[in-house]
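S.K.: Here you go, one structure.
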């Protein structure tokens with residue numbers, strides 16, 4: 001379920017004020033889109049869900065800290081969410097590579 005620009009602005013205003021109902025509305029409206037983006041990089045449902053949840057948390061924090069613009073539209077929000085999910089995917093992949101590198105250096109198997 002996607003929101004109209006007017007509905008989205010009201011929901012984002014509630015999120016800025018840390019209202020749980022608004023956060024739930026935003027999450028339920030755009031969770032599937034976040035999962036769609038995450039599934040493009042991870043086929044594991046649990047990992048994709050964790051990444052999507054992390055992305056929403058980052059958005060809630062940014063909203064609370066006043067990072068986003070007040071005149072956001074549905075299209076720009078979907079772009080913001082997609083970019084946040086993508087960034088979270090990259091960080092997750094890089095974290096795995098760092099762990100693999102550390103483990104390989106500890107065992108002396110560095111290529």
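Bear in mind that the values in this text are calculations on the coordinates, not laboratory data. Here the structure is a predicted model, which is why all the values come from computation and not from measurement. Counting neighbours? That spans all protein chains shown, and the Cβs are built from the backbone with ideal geometry, glycine included.
S.K.: If you check every pair at least six apart or on different chains, which have Cβ atoms under 7 Å apart with a residue in the stretch 1-22 that is without any contact (Cβ under 8 Å) to a residue 12 or more places away in the chain and at positive phi first and a residue that is loosely packed, with under 14 Cβ neighbours inside 10 Å and in a helix (DSSP H, G or I) second?
M.R.: Close Cβ pairs satisfying both conditions: none exist.
S.K.: Within the stretch 68-94, can you find the residues that are loosely packed, with under 12 Cβ neighbours inside 10 Å and in a loop (DSSP other than H, G, I, E, B)?
M.R.: 69, 70, 71, listed by residue number.
S.K.: Could you list all residues from the stretch 41-66 that are loosely packed, with under 15 Cβ neighbours inside 10 Å and either touching a residue at least 12 places away in the same chain (Cβ under 8 Å) or closer than 14 Å to residue 18 by Cα (or both)?
M.R.: 57, 61, 64, 65, 66
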